[in-house]
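Okay, structure first, notes after.
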Amino acid sequence: MNVKIEKETILPILSQIQGILEKRSTLPIFSNILIKAEKKDQIQIYASDSELSFLSQLSAQVEKEGAIVLSGKKMFEIVRELDNDSFKLSLGKNQQAQIKQADTLFKINGLNPDDFPSFPVLKQKKKQVFLAGDILEVIDKTLYCVSLDESRYHLTGVFLEQVSSKCRFVATDGHRMSFIDIKGGKNEELEQGIIIPRKGLQELKKMLAGAEKKDEIVISIEKPRLLAQFKDQSLNIRLIEGQYPNYKSLLPKQSGEEITIPTADFLSALKRIAVLTSARFKGVNFTFTKNKLAIDFSHPEVGEAEEKLSCDYKGKELKVRFNSKYILDILHSIHEEKIKIRLKDSRSPGLIQANSKESYVCLVMPMKL
């Protein structure tokens, strides 16, 4: 194998796949990448762990075809330090790779390409086309609600199901929940829903980092796997097996009082109050009176703070306590001028959504006053 590659072509991909490479795996092959040269003007880069598989096709000058398996981390670190020019990658004796640029030469011991796992193949009978902007919005508006508790394995991903002609993405950690509907067409595989793991969505976000909002991404589902294809890149994700909870049962049956608040003002005020909160003391009080919202935090071991701001509210006095971080996460995910809050009482969950966008809904469980 002997290829000539431009640094600016390969470096972004090597950087992108660092999250896939296993750091402490009992199988050393998963910390490596496979580089294949089978065409005169193209190479393929594979990265994989037990849950994800990534494939990218890159332009290159192929002088001799072949395949090589190298440490993904070392390859990235070496290429990153090279001059902004092309370099040569070749395979020597005993699976040893050579990286050469002008007077610089690296020799890295590699592994047998035959031992590298193959990229999972899906039949792709049913493909769904999404807009990259929609998928990035879905990730932005759900991933923060995914549980980090590995003992609740079925909650460590985002649930995707078919709702009429739209696709609904749902995330919850048991204390809060968010869901968003986007266009996506019908797919029989989604009738019972699937759970996409958190890490898979994080890598999908990286894959779409340079995409335009209207760029198309093709998704195929063949349980237990999902294949996402964008331009010359493919990401194969093993789905989480298990039963997702009935999230609809968490939604309040009565809408309660409605409050409208300017998003920026609410966010700024709550960020200032949250300065005093901590992992142990995180509950913040929200008191709604006619056209006013008072936010306060008080604890004898920490101190106290209070903020007041205007809102659109016509009901009776209503007081509720929420985890400040949960509310901040929601406010950071809503990029609109105003938000709408629905509250029944201090013991019922609060519903929060963008004032003009019904397709994105957040739910937060209250804390004891």
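The values are calculated or read from the model by the stated rules, or taken from the named source; none is laboratory data. Given the structure is predicted, the values throughout are model-derived calculations rather than measurements. Backbone-built Cβ (ideal geometry, glycine too); neighbour counts: all protein chains shown. Side chains included, ligands, DNA and RNA excluded: accessible areas come from the protein's heavy atoms. Shrake-Rupley method; radii C 1.70, N 1.55, O 1.52, S 1.80 Å.
Note on segment 117-176: Kirkwood radius taken over Cα pairs, Stokes-Einstein applied at 25 °C and 0.890 mPa s, translational D equal to 180 µm² s⁻¹. Based on protein heavy atoms only, the chain ends up with 51 Å² per residue of surface accessible to a 1.4 Å probe. Note on segment 292-337 and segment 184-209: Cα centroid distance 33 Å, given to the nearest whole angstrom. Placing a label point 7 Å from the Cα of K107 along the Cα-to-Cβ direction, the residues of segment 56-91 with a backbone N closer than 19 Å are 68-71, 74-75, 78-79, 88-91. Distance between the modelled labels on K316 and K248, one decimal in nanometres: 3.3 nm (7 Å Cα→Cβ projection). The candidates M365, M1, arranged from most to least accessible area with a 1.4 Å probe in the full protein assembly, appear as M365, M1. Amide H contacts of A60 (H built 1.01 Å from N, in plane; Pro and chain starts excluded): Q42, I43 sit under 5 Å, all sequence-distant by 5 or more or on other chains. Distance from the Cα centroid of segment 115-159 to that of segment 15-52 is 19 Å (rounded to whole angstrom). Straight-line reach from K214: taking Cα to Cα under 13 Å and skipping same-chain neighbours fewer than 8 places apart, the aspartates and glutamates in range are D134, E137.
In this structure I33 has an accessible area near 0 Å², from a 1.4 Å probe over the protein heavy atoms. A Förster radius of 41 Å combined with the Cβ-Cβ distance from M365 to D232 puts the calculated FRET efficiency at roughly 0.40. Across the options L143, N323, P252, the greatest Cα extent toward the positive end of the charge dipole of the chain (unit charges at beta carbon of Lys, Arg, Asp, Glu) belongs to P252. Close amide H partners of S86, meaning residues 5 or more places away or on another chain with modelled amide H under 5 Å apart, are K7.
Report in % the part of the accessible area of segment 1-140 that belongs to carbon and sulfur, leaving out ligands and nucleic acids; probe 1.4 Å. After summing per-atom areas, the C and S share lands at 45 percent.
For E358 and L27 in the same chain, what is the full-extension length gain: residue separation times 0.36 nm, less their Cα-Cα distance, in nm? Residue separation times 0.36 nm, minus the Cα-Cα distance, leaves 114.5 nm. When both segment 260-282 and segment 210-241 are represented by their alpha-carbon centers, they are found 36 Å apart.
Each of H154, G110, L91 was placed along the dipole of the chain (beta-carbon charges, centred on the mean Cα), and the one lying farthest toward the positive end is H154. Ranked by solvent-accessible area (1.4 Å probe, protein heavy atoms only, all chains present), the residues S165, S346 order from largest to smallest as S165, S346.
Summing Lys and Arg as +1 and Asp and Glu as -1 over all other residues whose Cβ lies under 13 Å from the Cβ of N187 gives a net charge of +3. Counting only protein heavy atoms and using a 1.4 Å probe, the accessible area of Y46 comes to about 30 Å².
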